[in-house]
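Read the structure below first, then the notes.
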Amino acid sequence: MNSLGFSLKEEASLRTLTMDVVKFSEIEGEKLNFDQVRSSIARRLGLNIGGLITSDRNVEGVVEMMLDATQNYLLPLTNERIFGWYAALFPTGWSGIYKIEVGQYRAGKMQIVSVAMGNETIHFKAPKAQIVPSEMNVFLEWLADEKVKLDPVLKAAIAHFWFITIHPLEDGNGRIARAISDMLLAQADKSSERYYSLSSQILIERIKYYEVLQKLQHSDGDITEWLCWFLNCLKNALLETEETIQKILYKSKFWHIHENTLINERQRLMLNKLLMDFEGKLKTSKWAKMTKCSTDTALRDIKDLIEKDILQQEIEAGVRNTNYELKGF
């Protein structure tokens, strides 16, 4: 990454952090707006990017927590810091339709239950609320103990599992466990720069993630299977990052080739999307919707880029479709 130069490093880091926050929340079923997350991160890091938009309170909260975990990774994890993350996740003090106490550990019992055809199955039962504060103190003391000689990546895996098993909060336990992992991985890297997203990979492997957690929370304390899963997930996240870097390099090469090509702002916006994050087929109607212009204007933009040898109609089995794609270079 250091060989790419400042602007490409900045772009790679912003993209990774944005995807990390979006996928981080999606694991729990909450979908955040990509552009709002990107704008929030850019503002907080002082990055000079175009098209900044305002962000919702829940987006700002998640971004605040994730950046604190990864940018301030050398700060100790304390009860107060956890409560701060908790409040950032639930800025209104409500989780859906349920009122929660965000400045303290849970006061009631916590268990994960499913009901199928009238049969109730308890998948996980957390420690009693009365012992949560003492359990958390043991956990936090272990995290801070410099005498613990342990590979920092394994420490990130163990901390994740340990926090989830205590389940100290009314809600948000999985998200804060993953934030703790990210903080410890930043310590392992000795860097606040982020170029890989563990949360993005956990989302891909979500079924196995919950399966291994549930299985070992009922075990005799041997969490080897969890450690192996965590390390393989991290490896896959790093491999995925290589693909992201290739996209960024491709994008840089594209704009170098077309640095003197006359391209309007709508076209630039859509080309950047096509080069990095575009989903589905590019149609005139989608262009118009994404750039907030008429379909006639969208078609003129597209035809102009075809004439400039940048776009082409998709060709499938010898038939030209009304979809468009980037032309290779």
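Residue by residue, here is whether (1) touching a Ser or Thr at 6+ places or on another chain (Cβ under 7 Å); (2) in contact (Cβ under 8 Å) with a residue 12 or more places away in the chain holds:
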site: E243; (1), (2): no, no
site: E259; (1), (2): no, no
site: R266; (1), (2): yes, yes
site: L275; (1), (2): no, yes
site: L299; (1), (2): yes, yes
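Among the residues of the stretch 172-198 satisfying the criterion of being of a type outside the set (F, W, Y) and outside any helix (DSSP H, G or I), which is surrounded by the fewest Cβ atoms within 10 Å (Cβ to Cβ)?
Let us first name the residues in the stretch 172-198 that are of a type outside the set (F, W, Y), namely 172-194, 197-198.
Applying the additional criterion that residues be outside any helix (DSSP H, G or I) yields 172, 190-194, 197.
Working: G172: 20, K190: 9, S191: 13, S192: 15, E193: 16, R194: 24, S197: 24.
Top of the filtered list is K190.
Can you name the condition, by its number, that Y73 falls short on among (1) under 23 Å from the mean Cα position of the chain (by Cα); (2) farther than 21 Å from K190 by Cα?
Y73 satisfies every listed condition except (2).
Scan the stretch 305-322 and give yes if some residue there is among the hydrophobic types (A, V, I, L, M, F, W, C), closer than 30 Å to E10 by Cα and within 27 Å of the chain's Cα centre (by Cα), otherwise no.
Start the filter on the stretch 305-322 by keeping residues that are among the hydrophobic types (A, V, I, L, M, F, W, C), which leaves 305-306, 310-311, 315, 317, 319.
Now drop any that are not closer than 30 Å to E10 by Cα, which leaves 305, 310-311.
With within 27 Å of the chain's Cα centre (by Cα) added as a condition, the list becomes none.
No.
Quickly run through the stretch 75-100 and pick out the residues that are of a type in the set (F, W, Y) and not in a loop (DSSP other than H, G, I, E, B).
Within the stretch 75-100, the subset of a type in the set (F, W, Y) is 83, 85-86, 90, 94, 98.
Correct list: F83, W85, Y86, W94, Y98.
Of (1) closer than 20 Å to G50 by Cβ; (2) in contact (Cβ under 8 Å) with a residue 60 or more places away in the chain, L231 satisfies all except one. Which?
The single condition L231 does not satisfy is (1).
Is it fair to say K208 is over 30 Å from T16 (Cα atoms), assigned to a helix (DSSP H, G or I) and charged (D, E, K, R)?
On the way: over 30 Å from T16 (Cα atoms): no; assigned to a helix (DSSP H, G or I): yes; charged (D, E, K, R): yes.
Taking the combined requirement at face value, the residue does not satisfy it.
Residues that are out of contact with any Cys (no Cβ under 8 Å at 6 or more places or on another chain), among the aromatic types (F, W, Y) and without any contact (Cβ under 8 Å) to a residue 24 or more places away in the chain: does the stretch 79-89 have at least one? Explain how you work it out, then say what you get.
The first filter runs over the stretch 79-89 and keeps only residues out of contact with any Cys (no Cβ under 8 Å at 6 or more places or on another chain), leaving 79-89.
Now restrict to residues that are among the aromatic types (F, W, Y): 83, 85-86.
Add one more test, that the residue is without any contact (Cβ under 8 Å) to a residue 24 or more places away in the chain, and what stays is 83.
Within the stretch 79-89 (the criterion being out of contact with any Cys (no Cβ under 8 Å at 6 or more places or on another chain), among the aromatic types (F, W, Y) and without any contact (Cβ under 8 Å) to a residue 24 or more places away in the chain), the answer is yes, since at least one residue qualifies.
Return the only residue of S219, S252 being hydroxyl-bearing (S, T, Y), assigned to a helix (DSSP H, G or I) and over 20 Å from the mean Cα position of the chain (by Cα). Give the derivation first.
Working: S219 fails: assigned to a helix (DSSP H, G or I).
Criteria check complete, one pass: S252.
Going by the conditions given, is N72 surrounded by fewer than 17 Cβ atoms within 10 Å (Cβ to Cβ) and within 26 Å of F163 (Cβ to Cβ)?
Numbers: surrounded by fewer than 17 Cβ atoms within 10 Å (Cβ to Cβ): yes; within 26 Å of F163 (Cβ to Cβ): yes.
So N72 passes the test.
Among the candidates G96, G108, which residue alone is over 13 Å from T165 (Cα atoms), at pLDDT 75 or above, exposed (fewer than 10 other Cβ atoms within 10 Å of the Cβ) and over 26 Å from the mean Cα position of the chain (by Cα)? It would help to see each step written out before you state the result.
Working: G96 fails: over 26 Å from the mean Cα position of the chain (by Cα).
Residue meeting the stated conditions: G108.
Could you look through the stretch 218-228, keep only residues that are touching a Leu at 6+ places or on another chain (Cβ under 9 Å) and surrounded by 11 or more Cβ atoms within 10 Å (Cβ to Cβ), and pick out the one that is farthest from I202 (Cα to Cα)?
So the residue we want is I223.
Among (1) without any contact (Cβ under 8 Å) to a residue 24 or more places away in the chain; (2) surrounded by fewer than 17 Cβ atoms within 10 Å (Cβ to Cβ); (3) closer than 30 Å to K273 by Cβ, where does S55 come up short?
So the condition that S55 fails would be (2).
For the stretch 257-329, which helices (runs of 4 or more DSSP H) that fit wholly inside it have 3 or more residues that are within 26 Å of I49 (Cα to Cα) and modelled with pLDDT under 95?
Working: elements: 265-276, 284-291, 295-307.
Fully inside the stretch 257-329 and qualifying: 265-276, 284-291.
Enumerate the pairs (first residue in the stretch 58-73 and outside the structural domain of W85 (by TED's automatic domain parsing); second residue anywhere and aromatic (F, W, Y) and not in a helix (DSSP H, G or I)) with beta-carbon separation below 7 Å, excluding pairs fewer than 6 apart on the same chain, so at least 6 apart or on different chains.
none
The values are calculated or read from the model by the stated rules, or taken from the named source; none is laboratory data. Treat the numbers as computed from the prediction; the structure is a model and nothing was measured. When we count neighbours, we look across all protein chains shown, and the Cβ atoms used for this are built from the backbone with ideal geometry, even at glycine.
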